[in-house]
Amino acid sequence: MKKVTKFVLALTLVASAGSVMTSCGGGDDDPIDNPVVNPVKPDDGTGNGGNNNGGGSSANLDARQQMLLGTWKCTMSSTDYTVITFNADGTSDWIVKTDDDKDKFSLTYQLGELYLSFTEEDGTTNYTYRLTQTTLTFDGDEYLRIDNYIEEDEPEDQPQAADTNYANRGASARTFRGSGTKADPYVISDATELRKLADDVEGGKTYRDEYFKMTADIIINRNVLTANGALNGNGSSFEQWKPIGKGTTPFCGTFDGNGHTISGIYINKEERDSLGLFGFFSGTLTNLTVKDSYVKGRRNIGGVVGIAVASKYSKTYSPSIAQCLHYGSVCGIKTSVSSKKSVYVGGIVGDLVDGKITKCLNDGTVEGARYVGGIGGGIKNSTLSDCLVYGKISAYESYTAGICGYFADSTVSKTLYNCCNFAEIDAENCSGIVHACGGKLSNVINYGKVTDASTPYAIVSSLRGTAAK
């Protein structure tokens, strides 16, 4: 992949690549006991020890133990995690996943005034700890409470999705952590929770006025693409991703990627429309990276979102996509049948209507029949700004460009601005920035090679109405 840092500042592109977590996020509850900040003096034998901050009396100790009971998870990286279940009989069950190896074992524990102690083969190990209703911190790691834990990497033991058209699909979580508010969003930390979101929206729940936040990188499949961006093999071993939102049911909530990455999206459905990580979208999406992905379909195909449009489900809301990065391949099918030709194919979104897209980057391969673009295939009555495109954009027909194939606005008030294309563009009729433009253009530049069978255009090929400046 090409380095883009020097262009980010010039174009005010503020987007975060996926990060690796060293510990889980924490809650804001007051701690029941913090022995580091507030040391607890020993019980004097009368039950009067402690500092009135959770230590000393046996009653408080029982209350802390009740809080401790249950399952806690610490995510250490995109694939590694530790899950501890504390039982009422004083035993703890551990699952430790590192480097694709998973170990399971049990330890006896004791929750003391100063320490959380574990009895191992070579003795007892003590850790100072901090305990709240939602977080447990010891040994430098922070764990989040999980009310309904579904073990990862063992989908055969979990209920499978009813839709058999999605091959090799893994397990879905049963519930979300969090309450879905802006202050306490639903947590997306692994693939099971992401699949649950897709299942829920497919079942008719739009999550309007509700919030989601990622807390870890997620891998659906590994090595979907080869080094040159082609599909690795025939795809038969990959999990087919079910897009979030389909048919008449869009996702209408707010999804915050929180700087994290979703890797390995694989969709290969030549007879299907509205495909991407999100299929049918009417909400808000921010700060997310999608990489090592392959999406192939017919109409409204995007690396991140298939189709984004304001709808009756989202009341007066308009779809918004911001600070999203895509590193993958988006492919429309090739056919001579007009009704099945791949149209509205984009690196970020296939088709955007009555919304906005800003500060996004695509670095990959985008190809289709017509209305093909590095950011969007079609952008209608919407604003597009501060975006970068690398890679290669191609089509075997027309309406193809580096940023977007078709930029239309019935009021001629929406603007495409502060965008730059570095991708190679190859089609029968194509341009560096926009092919057909019916809105306003400003502060755009093309550095990419434009190859056209007739006349290549560096910026725009066709102006519609009183369009461009």
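The values are calculated or read from the model by the stated rules, or taken from the named source; none is laboratory data. Note that the structure is predicted; figures quoted are calculated from it, not measured. We place every Cβ from the backbone using ideal geometry, glycine too, and count neighbours over all the protein chains shown. In case anyone asks, the SASA skips ligands and DNA or RNA and just uses the protein heavy atoms, side chains included. Shrake-Rupley method; radii C 1.70, N 1.55, O 1.52, S 1.80 Å.
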Quiz item: Excluding ligands and nucleic acids, what accessible area in Å² is computed for Arg64 using a 1.4 Å probe, to the nearest 10?
Solution: 0
Quiz item: Looking at this model, which pairs from Lys242/Lys392; Lys102/Lys334; Lys356/Lys449; Lys213/Lys356 are more than 32 angstrom apart at the alpha-carbon?
Solution: Lys102/Lys334
Quiz prompt | C-alpha center-to-center spacing [segment 323-384, segment 180-247] in angstrom | solution = 19
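What do you reckon, how do Asp200, Asp93 stack up by accessible area (1.4 Å probe), largest on top?
Asp93, Asp200
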Practice problem: Calculate how large, on average over all directions, the projected area of the Cα convex hull of segment 354-417 is; give the answer in nm² to one decimal. | Solution: 3.9
Quiz item: Tell me, what ³J(HN,Hα) does each residue in segment 166-172 have, in order and in whole Hz, if you take phi through Karplus 6.51 cos²θ - 1.76 cosθ + 1.60 with θ = phi - 60° and put x for Gly and Pro?
Solution: 9, 5, 6, 6, x, 6, 10
Quiz item: Of all the accessible heavy-atom surface of segment 315-429, with the other protein chains kept in place and a 1.4 Å probe, what percent is carbon and sulfur?
Solution: 43
Quiz item: Which value does Rg/Rh take for segment 166-217 over its C-alpha atoms, Rh per Kirkwood?
Solution: 0.97
Quiz prompt | Rounded if a/c under 1.5, otherwise prolate or oblate - segment 188-333, Cα gyration tensor axes | solution = prolate
Quiz item: Under a plain spin-label model, where a point goes 7 Å from the Cα along Cα-to-Cβ, how far apart in nm are Lys182 and Asp209?
Solution: 1.3
Quiz prompt | Burial order of peptide ranges 167-175, 213-221, 119-127 (average beta-carbon count within 10 Å, highest first) | solution = 213-221, 167-175, 119-127
Practice problem: Run the 1.4 Å probe and let me know the accessible area of His435, rounded to the nearest 10 Å². | Solution: 10
Exercise. Might you work out the accessible area of Arg272 for me, using a 1.4 Å probe with all protein chains in place, and round it to the nearest 10 Å²?
Key: 70
Practice problem: Provide the net charge surrounding Ser106, with neighbours chosen by a C-beta distance below 13 Å and charges set as Lys +1, Arg +1, Asp -1, Glu -1. | Solution: -4
Quiz item: Sequence-distant or interchain residues sharing an amide H contact under 5 Å with Leu441, placed H: which?
Solution: Leu416, Lys469
Self-check item: Environment charge at Ile393 (Cβ cut-off 14 Å; Lys +1, Arg +1, Asp -1, Glu -1)
Solution: -4
Quiz item: Tyr266's amide H: which non-local residues (gap 5+, or another chain) put their own amide H closer than 5 Å, with H modeled 1.01 Å from N in plane and none for Pro or chain starts?
Solution: Trp241, Tyr294
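Just to confirm, what accessible area per residue do you get for segment 172-288 at 1.4 Å probe, in whole Å²? Numbers along the way, then the final one.
Working: 4020 Å² over 117 residues.
Per-residue accessible area for segment 172-288 comes out at 34 Å².
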